[in-house]
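**Q** Let me begin by handing over the structure; questions about it come next.
Readers should treat all values here as calculations from the given coordinates under stated rules, not as data from a laboratory. What you see is a predicted model, and the numbers here were worked out from it, not measured in a lab. Ideal geometry is used to build each Cβ from the backbone, glycine not excepted, and the neighbour counts take in all protein chains shown.
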Amino acid sequence: MPLRVEKKDLSGLTVLITGANVGIGLETTRMLSEMGAQVTIACRNAKKAEAAAEDIEKTTGNRPDTALLDLSILESTADFVKGYMAKHQRLDILINNAGVVSTEKAQDGLTQDGFEIDFQVNHLSHFFMTVRLLPLIKYASQHKVNDFIPRVVVLGSNAAKVGKIDYDYLQNGDKLPFFFDRYANSKLMNAMFTKKLAEKVKDDGIVAHFVHPGLVASVRLLVKATARSNVQGAMTSVHVAISDEATKSSGKYWDSCKIAEYPNKLMTDEISLNDLWSKSVQYMKEKGFEVEE
């Protein structure tokens with residue numbers, strides 16, 4: 001049965017979506033723009049971002065802003081955050097949508113910062129960006145528009161179910177596991193980060209959730225007949241981003257616009273959650289970037 005989202009007036013709300021120039025991110029941007037939100041598309045290709053913004057303006061009458069963000073480069077992430085904070089006073093909805101599945105092997109599987117690609121793009125850079133942007137989200141909580149509760153939405157995958165925490169290969173191109181395992185591990189980290197973030201911002205009136213979009217059709221997917229369209233794949237992200245239901249709890253795992261059971265016990269293991277947060281802070285500091293613990 002097709003998923004549906006109840007529309008709301010989002011006028012006055014500021015939204016940031018990473019990787020919003022294609023796929024689920026593009027359709028998420030379209031839906032939120034149609035409801036009146038001022039969305040920023042953050043991605044690594046300026047031409048594609050502008051093309052997406054033009055497309056959305058034609059279909060909604062509301063043109064998103066665009067910004068350059070390459071999550072595979074920490075300096076780019078830092079520059080993006082600096083520029084975004086200089087331009088915006090508040091952030092009501094942050095959707096960490098961008099992601100990558102790298103099939104590279106050996107040293108080719110590391111970024112210029114020396115981290116395994118899936119780990120840096122899917123987890124570490126999003127972690128860094130989110131924590132750095134928290135002052136804007138807290139401001140939005142203190143100065144609400146129409147009583148809207150600010151939130152962080154992290155796009156995940158059911159692959160997190162089979163993910164494991166293995167820090168040994170993250171900076172060693174000679175020890176890279178099979179590509180799907182690396183992806184699954186990074187998605188598990190997304191879920192664990194979201195769970196811990198929810199705990200940390202609870203007293204600030206902010207909620208954070210991890211969403212599974214379902215099996216979504218793409219050019220690389222062979223089972224398109226049974227997969228969701230990008231519009232359907234975006235529904236859970238949008239539901240969690242705007243619904244009142246999503247404010248009644250935090251740190252939850254959502255699937256098909258409903259709260260589901262955590263598919264991996266590490267997602268709720270407090271020792272593992274704390275360890276991942278501490279390790280992420282440590283990695284950033286080692287590269288010269290300060291992050292609040």
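**Q** Between residue 248 and residue 59, how high is the FRET efficiency from 1/(1 + (r/R0)^6) when r is the Cβ-Cβ distance and R₀ = 35 Å? Nearest 0.05.
**A** It comes to 0.65.
**Q** Another question, if that's okay. Compute the length gained on full extension between residue 171 and residue 145: take 0.36 nm times their separation in residues and subtract their Cα-Cα distance, giving the result in nm to one decimal.
**A** Taking 0.36 nm per residue and subtracting the Cα distance, the gain is 5.1 nm.
**Q** Then there is this: Show that you can apply the helix-only estimate: for the chain, add -39,500 (n - 2.57) for every DSSP H stretch of four or more residues, divide by all residues, and state [θ] at 222 nm to the nearest 500.
**A** Taken over the chain, the calculation gives -12500 deg cm²/dmol.
**Q** Now for a separate question. Residue 199 to residue 261: extension gain in nm, 0.36 nm per residue of separation minus the Cα-Cα distance?
**A** This chain segment gains 20.5 nm when fully extended.
**Q** In addition: Enumerate the lysines that residue 195 could reach by cross-link, defined here as Cα to Cα under 17 Å, with residues fewer than 8 away along the same chain left out.
**A** List returned: 161, 164, 187, 248, 252, 258, 265, 279.
**Q** log10 I(q)/I(0), Debye, Cα-only segment 14-286, no solvent, q = 0.12, 0.13, 0.14 Å⁻¹?
**A** Summing over Cα pairs of segment 14-286 leads to -0.68, -0.82, -0.96.
**Q** Give me the dipole magnitude in Debye, nearest 20, for the chain about the Cα centre, with unit charges on the beta carbon: positive for Lys and Arg, negative for Asp and Glu.
**A** Roughly 580 debye for the chain.
**Q** Same structure, new question: Taking the Cβ of residue 122 as the centre, find all other residues whose Cβ is under 11 Å away and add up their charges (Lys, Arg: +1; Asp, Glu: -1).
**A** Taking every other residue near residue 122 into account, the sum is 0.
**Q** Using the Kirkwood radius over Cα pairs, work out the Stokes-Einstein diffusion coefficient for segment 8-127 at 10 °C and 1.306 mPa s, in µm²/s as a whole number.
**A** 108 µm²/s
**Q** Same structure, new question: Where q = 0.13, 0.21, 0.23 Å⁻¹, what log10 of I(q)/I(0) comes from the Debye formula for segment 9-78, counting one point per Cα?
**A** Taken in order of the listed q values, log10 I(q)/I(0) reads -0.32, -0.76, -0.89.
**Q** Here's something else I'd like to know. Sort 22-35, 140-153 by the packing proxy (mean of other Cβ within 10 Å over each peptide's residues), most packed first.
**A** Most protected by this proxy first, the peptides run 22-35, 140-153.
**Q** Another question about this same structure. With θ set to phi - 60°, apply the Karplus curve 6.51 cos²θ - 1.76 cosθ + 1.60 along segment 140-150 and write out the HN-Hα couplings as whole Hz, x wherever there is a Gly or Pro.
**A** Those phi angles translate into 4, 5, 7, 10, 5, 9, 6, 6, 6, 8, x Hz.
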